[in-house]
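Asks: Mind having a look at this structure? Questions to follow.
The values are calculated or read from the model by the stated rules, or taken from the named source; none is laboratory data. Note that the coordinates shown come from a computational prediction; the quantities given were computed from them, not determined experimentally. Every residue, glycine among them, receives a Cβ derived from its backbone with ideal geometry; neighbour counts consider all protein chains shown.
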Amino acid sequence: MDDSIEAWATLAHRNAFAVVGLGGAGGDAVHDMLTLGIPGVQAIAVNTDARHLKDKPIDERILLGHRRLRGSGSGGDRSVVLEAAEESREELVRRLGRYEIVFLLAGLGGGTGSALLPFLARTLRETERTLPVPIAFLPFQIELETNADRRDNVFATLEELEEMGGLVLALSNEKLRRFEALPLPRVFQVRNTYLHNLVTSLVDMVENPSQLNVDLAGLKGHLREAGLSTLLHGEYHVTEPDRLVHQAFSETLLDFSLPERASALVHLDGGSNMTLRTLERVLSCFRRRLGEPRRLLFGTRVHPERREVVRMTAVVGGLKPRTMRDALDRAPSIAEPA
Ligand SMILES: Nc1nc2c(ncn2[C@@H]2O[C@H](COP(=O)(O)OP(=O)(O)OP(=O)(O)O)[C@@H](O)[C@H]2O)c(=O)[nH]1
Ligand SMILES: [Mg+2]
């Protein structure tokens, strides 16, 4: 084989992906993903709270603003976090700007994650090499109703993200209420497992060439133009692709409405009995759901053995710009216990 081809292949895929947890919720999510296994993805946590960082065995940890905040957290104040981030801008760009695609994870409402999500999304976007994928966990309705400071932080962050335009993946905690019988960390783990599926599927799409694969530049191009997006996840019997799509749409992590032309990135993971017909049926269901999508990008991973279940992970983009706020406003409030 031509040596230079091998060298280019290695170079193109070195430092391709990182997941970066911002603040407590972001750090917890990265930790859960690491526990599930994210080979080939650098895991990083950034926080103002040294104790939270200390407790997370994550590859790379960045304590922000330690001179001023002395590792004691932000006290929910976005402005001190922004000042600290501004001071450390160069270091953040040096450490995070080495990757092609950087998933930024934050729960909105506190000081650290809420301030860092738009700050880093904007800063990394300016590097032109790194594509930031900001992922916002929208808080439970009850948190918004009971804490005005948190509510202000959430809206300030959403406004900034909306103004910036571009890709934002929004997932609402309220949509996890169907798991309300589970302890809270388990509820968050469910969502983090979906995110883990997303990240590993995307890595799979570009790192393991298959019959229907997408290259790194294609993935970046698609995500860059996806706008306000959310994540769909479904698992269903291989003989029922329509139900797979139906289930995924009915259990989305954001209430959304679709504009004229949405886009979708669909990844299917199944066994040797996942046929061309399965794939065609999934894609035609998507087309029915999304109207005539602006773009539908898909990848598959076929395992050599037969598997009865097909797993689908999809990013649906081009949602209406105000959907994030609508999702918060429309979320039902917590029912009184009987
Ligand atoms: N701890 C935790 N909180 C989560 C998780 N997912 C979502 N959240 C939400 O994340 C929001 C922000 O909380 P934190 O992440 O603790 O806040 P922070 O970014 O560390 O900000 P400060 O501690 O105020 O500096 C809360 O409103 C929670 O609803 C999760 O997996 N773990
Ligand atoms: Mg915190």
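Asks: State which residue is farthest from ligand 2 (Cβ to nearest atom) when the search covers only segment 26-53 and only residues that are assigned to a helix (DSSP H, G or I) and crowded, with 24+ Cβ neighbours inside 10 Å. Spell out the reasoning first.
Replies: Initial filter on segment 26-53 (assigned to a helix (DSSP H, G or I)): 26-36, 50-53.
Keeping just the survivors that are crowded, with 24+ Cβ neighbours inside 10 Å gives 26-27, 29-30, 33.
Values: Gly26: 9, Gly27: 8, Ala29: 13, Val30: 14, Met33: 18 Å.
My answer is Met33.
Asks: What number of residues within segment 54-69 are exposed (fewer than 12 other Cβ atoms within 10 Å of the Cβ) and at pLDDT 90 or above?
Replies: 0
Asks: Quick one: how many residues across segment 125-154 are within 14 Å of ligand 1 (Cβ to nearest atom) and part of a strand (DSSP E or B)? Full working, then the answer.
Replies: Filtering segment 125-154 down to residues within 14 Å of ligand 1 (Cβ to nearest atom) leaves 134-154.
Imposing the further condition that a residue be part of a strand (DSSP E or B) reduces the set to 134-138.
Within segment 125-154, residues that are within 14 Å of ligand 1 (Cβ to nearest atom) and part of a strand (DSSP E or B) number 5.
Asks: List every residue pair whose Cβ atoms sit under 9 Å apart, with the two residues 6 or more apart in sequence or on different chains, where the first one lies in segment 67-80 and is more than 19 Å from Leu108 (Cα to Cα) and basic (Lys, Arg) and the second, anywhere, is within 12 Å of ligand 2 (Cβ to nearest atom) and in a helix (DSSP H, G or I).
Replies: Close Cβ pairs (under 9 Å, with a partner that is within 12 Å of ligand 2 (Cβ to nearest atom) and in a helix (DSSP H, G or I)) amount to Arg70/Ala50.
Asks: Residue pairs, Cβ under 9 Å, 6 or more apart or interchain, first in segment 1-22 and modelled with pLDDT under 70, second part of a loop (DSSP other than H, G, I, E, B). List them.
Replies: What qualifies is Ala12/Glu100; Ala12/Asp215; His13/Gly40; His13/Glu100.
Asks: Every residue in segment 58-116 that is of a type in the set (Asp, Glu) and away from ligand 2 (no atom under 12 Å from the Cβ), please. Don't jump to the end; show me each part of the working.
Replies: Going residue by residue through segment 58-116, those that are of a type in the set (Asp, Glu) are 59-60, 77, 83, 86-87, 90-91, 100.
Within segment 58-116, Asp59, Glu60, Glu83, Glu86, Glu87, Glu90, Glu91, Glu100 meet the criteria.
Asks: Take Arg129 and tell me if it is among the basic types (Lys, Arg), away from ligand 2 (no atom under 16 Å from the Cβ) and in contact (Cβ under 8 Å) with a residue 24 or more places away in the chain.
Replies: On the way: among the basic types (Lys, Arg): yes; away from ligand 2 (no atom under 16 Å from the Cβ): yes; in contact (Cβ under 8 Å) with a residue 24 or more places away in the chain: yes.
Yes, satisfied.
Asks: Identify, please: which residue in segment 32-66 is under 13 Å from Val20 (Cβ atoms) and touching a residue at least 40 places away in the same chain (Cβ under 8 Å) and is, among those, nearest to ligand 1 (Cβ to nearest atom)?
Replies: By that ranking, first place goes to Asn47.
Asks: For Leu223, indicate whether it is more than 23 Å from Val309 (Cβ to Cβ), of a type outside the set (Phe, Trp, Tyr) and at pLDDT 90 or above.
Replies: Numbers: more than 23 Å from Val309 (Cβ to Cβ): yes; of a type outside the set (Phe, Trp, Tyr): yes; at pLDDT 90 or above: yes.
Considered against the rule, which asks whether it is more than 23 Å from Val309 (Cβ to Cβ), of a type outside the set (Phe, Trp, Tyr) and at pLDDT 90 or above, Leu223 comes out as yes.
Asks: Can you tell me which of Val102, Val93 is surrounded by fewer than 23 Cβ atoms within 10 Å (Cβ to Cβ), aliphatic (A, V, I, L, M) and either at pLDDT 95 or above or outside any helix (DSSP H, G or I) (or both)?
Replies: Details: Val102 fails: surrounded by fewer than 23 Cβ atoms within 10 Å (Cβ to Cβ).
One residue alone meets the criteria, Val93.
Asks: Right, something else. Mind checking whether some residue in segment 110-120 is aromatic (Phe, Trp, Tyr), touching a helix residue (DSSP H, G or I) at 6+ places or on another chain (Cβ under 8 Å), within 16 Å of ligand 1 (Cβ to nearest atom) and touching a residue at least 40 places away in the same chain (Cβ under 8 Å)? I'd like the intermediate steps shown before the answer.
Replies: Filtering segment 110-120 for residues aromatic (Phe, Trp, Tyr) gives 119.
Now restrict to residues that are touching a helix residue (DSSP H, G or I) at 6+ places or on another chain (Cβ under 8 Å): 119.
Cutting the leftovers down to within 16 Å of ligand 1 (Cβ to nearest atom) gives us 119.
This time we only want the ones that are touching a residue at least 40 places away in the same chain (Cβ under 8 Å), so: none.
Taking every residue of segment 110-120 in turn, none turns out to be aromatic (Phe, Trp, Tyr), touching a helix residue (DSSP H, G or I) at 6+ places or on another chain (Cβ under 8 Å), within 16 Å of ligand 1 (Cβ to nearest atom) and touching a residue at least 40 places away in the same chain (Cβ under 8 Å).
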